[in-house]
Amino acid sequence: MTARPRRPRVLLSVATSVDGYIDTAGPERLLLSGEEDFDRVDAERAGCDAILVGAGTLRRDDPRLLVRSAERRAARLAAGLPEHPAKVVLTTSGDLDPAARFFTTGPAECLVYCPGRAVPGAAARLEDAATVVDAGDPLDPVRVLADLAGRGVRRLMVEGGGGMHTLFLTAGLVDEIQLVVAPFFVGDPDAPRFVGPGTFPHGPGNRMTPVETRLVGDCVLIRWLTRPPAHTGDHV
Ligand SMILES: NC(=O)c1ccc[n+]([C@@H]2O[C@H](COP(=O)([O-])OP(=O)(O)OC[C@H]3O[C@@H](n4cnc5c(N)ncnc54)[C@H](OP(=O)(O)O)[C@@H]3O)[C@@H](O)[C@H]2O)c1
């Protein structure tokens, strides 16, 4: 008998400044990397079954989270996959705008995870724009991943922001980190950082495994595995 699937493989993707910031505190959205990295991220998206962001990112950036390349979309369809990965957002309040591009662009399935108490309000607000799922109270990332696995998600990309990075990393639910470092400083303590405070499984005494470093345009990509490469773990 094969083991029951418990969670997808989780890839965390982030771009930071040299000093670890992921945005500015001002009104303008900060572009950290460039076209070459956007294309690299597009390829990673195309290889995933779902892409997850937090409600903060949805409100601030309103990302479309679609596969841009027509060739990659065609390859997905040829492989019997949906044209785009599913879009996933985590919210505690359930206060999301159904007119956001996240919900209105592309044919991708939209899933909203929130605590049970926020489900009725979110479902009423979003109507047909998304499927709203009870993720426990407080919202439990393990439950989110188990639900996604049950929906056939084998590979999940967590694309931010800092709240989501912190949540999944401190819970020990990330298998791979793709960190792109842009060649400048932000230097504003009010700007959002890659992660907030927390207890991370990979402290100084438990180092991760680097598997790649590469120049991508004028940025540097570093890939780490959080477990030894041979680990098959509890993924779908
Ligand atoms: N450089 C990059 O790679 C990158 C990528 C993505 C985003 N960003 C930046 O990240 C910033 C947004 O980050 P953020 O931390 O404010 O928002 P976030 O991580 O996108 O979302 C945080 C929200 O998620 C919900 N949530 C549910 N459970 C949570 C939990 N246990 N812990 C924390 N949040 C939980 C809450 O939604 P409710 O408020 O609805 O309760 C919370 O406000 C923006 O500036 C964006 O531009 C940068």
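Look at Arg73 and say whether it is basic (Lys, Arg), within 11 Å of the ligand (Cβ to nearest atom) and either part of a helix (DSSP H, G or I) or surrounded by fewer than 15 Cβ atoms within 10 Å (Cβ to Cβ) (or both).
no
Run down Gly187, Gly196 and say which single residue is within 11 Å of the ligand (Cβ to nearest atom) and at pLDDT 95 or above.
Gly196
Kindly indicate which of Gly203, Gly172, Gly160 is within 11 Å of the ligand (Cβ to nearest atom), of a type in the set (Gly, Ala, Ser) and not in a strand (DSSP E or B).
On the way: Gly203 fails: within 11 Å of the ligand (Cβ to nearest atom); Gly172 fails: within 11 Å of the ligand (Cβ to nearest atom).
Going through Gly203, Gly172, Gly160 in turn, the sole match is Gly160.
Return yes when Pro98 is within 15 Å of the ligand (Cβ to nearest atom), part of a loop (DSSP other than H, G, I, E, B) and either surrounded by 17 or more Cβ atoms within 10 Å (Cβ to Cβ) or polar (S, T, N, Q) (or both) and no when it is not. Walk me through how you get there before you give the answer.
Working: within 15 Å of the ligand (Cβ to nearest atom): yes; part of a loop (DSSP other than H, G, I, E, B): yes; either surrounded by 17 or more Cβ atoms within 10 Å (Cβ to Cβ) or polar (S, T, N, Q) (or both): no.
It is false that Pro98 is within 15 Å of the ligand (Cβ to nearest atom), part of a loop (DSSP other than H, G, I, E, B) and either surrounded by 17 or more Cβ atoms within 10 Å (Cβ to Cβ) or polar (S, T, N, Q) (or both).
Which ones in the stretch 127-157 are in contact with a strand residue (DSSP E or B) (Cβ under 7 Å, 6 or more places away or on another chain), under 20 Å from Pro85 (Cα atoms) and within 14 Å of the ligand (Cβ to nearest atom)?
Ala130, Val132, Val133, Val144, Leu145, Met157
Given the conditions (1) farther than 25 Å from Leu225 by Cβ; (2) touching a residue at least 40 places away in the same chain (Cβ under 8 Å); (3) crowded, with 21+ Cβ neighbours inside 10 Å; (4) basic (Lys, Arg), which single one is not true for Arg64?
Failed condition: (3).
Select from the stretch 125-141 the residues that are under 25 Å from Ile22 (Cα atoms) and either assigned to a loop (DSSP other than H, G, I, E, B) or in contact (Cβ under 8 Å) with a residue 60 or more places away in the chain (or both) and list them in ascending order.
Here is the first cut: in the stretch 125-141, the residues under 25 Å from Ile22 (Cα atoms) are 139-141.
Of everything in the stretch 125-141, those that are under 25 Å from Ile22 (Cα atoms) and either assigned to a loop (DSSP other than H, G, I, E, B) or in contact (Cβ under 8 Å) with a residue 60 or more places away in the chain (or both) turn out to be Leu139, Asp140.
Taking into account only those residues within the stretch 30-63 that are farther than 24 Å from Gly94 by Cβ and near the ligand (Cβ under 8 Å from one of its atoms), which is modelled with the highest pLDDT?
That would be Leu32.
I need every pair where a residue in the stretch 100-116 that is farther than 20 Å from Ala70 by Cβ has its Cβ under 6 Å from the Cβ of a residue that is hydroxyl-bearing (Ser, Thr, Tyr) and away from the ligand (no atom under 16 Å from the Cβ), sequence separation at least 6 or different chains.
The qualifying pairs are Leu111/Thr131.
Condition check ((1) hydroxyl-bearing (Ser, Thr, Tyr); (2) in a loop (DSSP other than H, G, I, E, B); (3) surrounded by fewer than 19 Cβ atoms within 10 Å (Cβ to Cβ)) across all residues:
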residue	(1), (2), (3)
Asp42	no, no, yes
Arg68	no, yes, yes
Thr92	yes, yes, yes
Phe102	no, no, no
Ala118	no, no, no
Ala123	no, no, yes
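The values are calculated or read from the model by the stated rules, or taken from the named source; none is laboratory data. Quick caveat: nothing in here was measured; it's all calculated off a predicted structure. Note: ideal-geometry Cβ built from the backbone for every residue, glycine included; neighbour counts use all protein chains shown.
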